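Below: one structure, written as structure tokens.
Just so it is clear, none of the values below were taken in a lab; they were calculated from the coordinates. The shown structure was predicted, so the numbers you read here are calculated from the model rather than taken from an experiment. Note that each Cβ is placed from the backbone with ideal geometry, even for glycine, and that neighbours are counted across all protein chains shown.
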Amino acid sequence: MEVLARLAAAAADPAEAKNIAAAGSAGFAYGLAAIGPGIGIGIIFGNAIEAMARQPEAAGMVRTTMFLGIAFTEALALIGFVVFILLKYA
């Protein structure tokens, strides 16, 4: 109900309409920013599991490299979240 009230208020106030549009576009932008790291982490895990299955003696080194790759990939999602906050409140 609150959403409908805000939309009705937005029709009367252009500034409120701008805020609603900014929030929607910021949420969409963060959704797109989260897709890439999600796919990247899936690829990293898949390749790491395959490498550990092929050479179990190198599992320690592969695991370390996997976690580094995940950390760098997850940083992209965090950057997307920061951009989301900046778009929403700027």
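Miscellaneous remarks
- Global form of region 2-89, assessed from the alpha-carbon gyration tensor, a/c cut-off 1.5: prolate
- Theoretical FRET efficiency, 1/(1+(r/R0)^6), r = Cβ-Cβ of Phe45 and Ser25, R0 30 Å, to 0.05: 0.45
- About its Cα centre, region 2-89 has a charge dipole of approximately 60 debye under the convention of +1 per Lys or Arg Cβ and -1 per Asp or Glu Cβ, with nothing else charged.
- Straightening the chain between Ala53 and Leu78 buys 5.9 nm, computed as 0.36 nm per residue apart minus the Cα-Cα spacing.
- Membrane-span-like helices in the chain (whole DSSP H runs, Cα extent of at least 15 Å along the helix axis, mean Kyte-Doolittle hydropathy of at least 1.6): 59-89.
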